[in-house]
Amino acid sequence: MSLAIAYADVAAAHDRLKGVAHRTPVMRSQTADRLTGAELFFKCENFQRMGAFKFRGAYNALAQFSAEQKKRGVCAFSSGNHAQGIALSARLLGIPATLVMPKDSPAVKMAATRGYGAEVIVYDRYTEDREAIGRKLALERGMTLIPPYDHAHVMAGQGTAAQELFEEVGSLDLLLVCLGGGGLISGCAVVAHELSPSCRVVGVEPEAGNDAQQSKRTGHIVRIETPRTIADGAQTQFLGQLTFPVIQALVDDIVTVSDAQLIEAMRFAAARMKMVVEPTGALAMAAAMQGAVEVRGNRVGVIISGGNVDIAQLAGYLA
Ligand SMILES: *Cc1c(COP(=O)(O)O)cnc(C)c1O
């Protein structure tokens, strides 16, 4: 069976995003290297436009709209960063946008989405079905629905983060990527496979919601209840129809980390690297630094996926 995206799709997205997305820095930490006995290369998407890699996939999708789609607009459902990515991309491309967001989304994410000029509609993430709400809106208003991960243009766009990382640091032994619905890791795995074929790709998800780990191990998409974790960007209940086959084919393993480990990683990022990282953004870093995966002696890429955390909440985690 052929996969939803190929390396050429990521390469095309990379061209589309040139001069639009930030080429984010790859940061090093001698302390992190000393503590782990590895060479860690942190790809810092917390410094991406709107604060997370989601801008890449959103812009790559919207930039390929037809004139008619552009006129009618885009709608999306998201726990936050995808909403902001869509809202910003829509503003840059002059496309009207409506976002369906959980009512308990971090205040910063909702405010930023509205700030980009998008309409925001809220729902209860524990009782309502966001996909049904999004689909109804799309149907009623003729808008194009862009899902947060299960879309080939989104997956290809997210892969450009890994494209930049490999361009900058060369081949790696291991690439650690957080995952919710698997859009980011799908794109990144396709790139790793092409540019650094012997690189192992390992996904990291919250311990409270290890649906991807279960899915990978059982060979079918496992659905779980909405997990209760501080990693709000990874509270997905199941992998996508398009992302799962890529993960099955190109991802070597999936590991989990606890909320306490995420807080530890966020503290390290703040104290040692002077960086604000959101809980979900710290998943791969926590796995690398706290033993969820063996890194000793390896060159390891670690994707820090985002930095959008409520400042008061962050202060609570760091205290
Ligand atoms: C969306 C998101 C993720 C998960 O990405 P998927 O493509 O759904 O796997 C991880 N980190 C952050 C910061 C996100 O916004």
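Of Tyr126, Tyr116, all but one fail to be surrounded by 13 or more Cβ atoms within 10 Å (Cβ to Cβ) and either over 12 Å from Ile86 (Cα atoms) or at pLDDT 90 or above (or both); the exception is Tyr116.
Does segment 98-116 contain any residue that is small (Gly, Ala, Ser) and more than 19 Å from Gly307 (Cβ to Cβ)? Within segment 98-116, none of the residues are small (Gly, Ala, Ser) and more than 19 Å from Gly307 (Cβ to Cβ). Filtering segment 90-107 to residues that are among the hydrophobic types (A, V, I, L, M, F, W, C) and within 13 Å of Asp232 (Cα to Cα) leaves Met101, Ala107. Of the residues screened, Ala52 is one that is within 16 Å of the ligand (Cβ to nearest atom), touching a Ser or Thr at 6+ places or on another chain (Cβ under 9 Å), in contact (Cβ under 8 Å) with a residue 24 or more places away in the chain and of a type in the set (Gly, Ala, Ser). For the residues Val204, Val154, Val169, the requirement of being among the hydrophobic types (A, V, I, L, M, F, W, C), buried (at least 24 other Cβ atoms within 10 Å of the Cβ) and farther than 30 Å from Gly94 by Cα singles out Val204. Taking the criterion of being surrounded by 18 or more Cβ atoms within 10 Å (Cβ to Cβ) and either away from the ligand (no atom under 16 Å from the Cβ) or modelled with pLDDT of 95 or more (or both), the residues of segment 132-144 that qualify are Leu137, Ala138, Met143, Thr144. If the condition is being near the ligand (Cβ under 9 Å from one of its atoms) and assigned to a loop (DSSP other than H, G, I, E, B), then segment 278-312 contributes Glu278, Pro279, Ser305, Gly307, Asn308.
The rows are residues; the columns are (1) hydroxyl-bearing (Ser, Thr, Tyr); (2) free of Cβ contacts under 8 Å to residues at least 60 places away in the same chain; (3) farther than 14 Å from Ala284 by Cβ.
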site: Ile5; (1), (2), (3): no, no, yes
site: Asp9; (1), (2), (3): no, no, yes
site: His14; (1), (2), (3): no, no, yes
site: Val20; (1), (2), (3): no, no, yes
site: Thr31; (1), (2), (3): yes, no, yes
site: Phe41; (1), (2), (3): no, no, no
site: Cys44; (1), (2), (3): no, no, no
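Reported count of residues in segment 60-82, each being among the hydrophobic types (A, V, I, L, M, F, W, C) and either more than 16 Å from the ligand (Cβ to nearest atom) or surrounded by fewer than 24 Cβ atoms within 10 Å (Cβ to Cβ) (or both), is 6.
Kindly provide the set of residues from segment 278-294 that are of a type outside the set (Gly, Ala, Ser) and free of Cβ contacts under 8 Å to residues at least 40 places away in the same chain, ordered by number.
Pass one, segment 278-294, residues of a type outside the set (Gly, Ala, Ser): 278-280, 283, 285, 289-290, 293-294.
Passing the criteria: Gln290, Glu294.
The residue that is farthest from Cys188 (Cα to Cα), counting only those in segment 24-46 that are within 12 Å of the ligand (Cβ to nearest atom) and assigned to a helix (DSSP H, G or I), is Asn46. If the condition is being surrounded by 24 or more Cβ atoms within 10 Å (Cβ to Cβ) and hydroxyl-bearing (Ser, Thr, Tyr), then segment 83-99 contributes only Ser89.
Taking the residues in segment 221-246 that are in a helix (DSSP H, G or I) and in contact with a strand residue (DSSP E or B) (Cβ under 7 Å, 6 or more places away or on another chain) as candidates, determine which candidate is surrounded by the most Cβ atoms within 10 Å (Cβ to Cβ).
Quick first cut of segment 221-246, residues in a helix (DSSP H, G or I) only: 232-234, 243-246.
Pick out the ones that are also in contact with a strand residue (DSSP E or B) (Cβ under 7 Å, 6 or more places away or on another chain) and you get 233-234.
Numbers: Gly233: 30, Ala234: 26.
Within segment 221-246, the match that is surrounded by the most Cβ atoms within 10 Å (Cβ to Cβ) is Gly233.
Against the definition (within 16 Å of the ligand (Cβ to nearest atom) and either under 26 Å from Asp104 (Cα atoms) or surrounded by 20 or more Cβ atoms within 10 Å (Cβ to Cβ) (or both)), how does Leu179 come out, yes or no? Yes.
Could you tell me whether segment 294-305 includes any residue that is more than 26 Å from His22 (Cβ to Cβ) and among the aliphatic types (A, V, I, L, M)?
Kept after step one, since they are more than 26 Å from His22 (Cβ to Cβ), are these residues of segment 294-305: 294-298.
So of that shortlist, the ones also among the aliphatic types (A, V, I, L, M) come out as 295.
There is at least one residue in segment 294-305 that is more than 26 Å from His22 (Cβ to Cβ) and among the aliphatic types (A, V, I, L, M).
Scanning segment 47-57 for residues that are at negative phi, surrounded by 24 or more Cβ atoms within 10 Å (Cβ to Cβ) and assigned to a helix (DSSP H, G or I) returns Lys54, Phe55, Arg56, Gly57. Filtering segment 37-46 to residues that are crowded, with 21+ Cβ neighbours inside 10 Å and over 29 Å from Gly80 (Cα atoms) leaves only Ala38. Do we have any residue at all in segment 249-261 that's surrounded by fewer than 24 Cβ atoms within 10 Å (Cβ to Cβ), of a type in the set (S, T, N, Q) and in a helix (DSSP H, G or I)? Checked against the condition, which is being surrounded by fewer than 24 Cβ atoms within 10 Å (Cβ to Cβ), of a type in the set (S, T, N, Q) and in a helix (DSSP H, G or I), segment 249-261 yields at least one hit.
The values are calculated or read from the model by the stated rules, or taken from the named source; none is laboratory data. Everything quoted here is computed from the prediction, not taken from an experiment. Neighbour counts run over all protein chains shown; Cβ positions are idealised from the backbone, glycine included.
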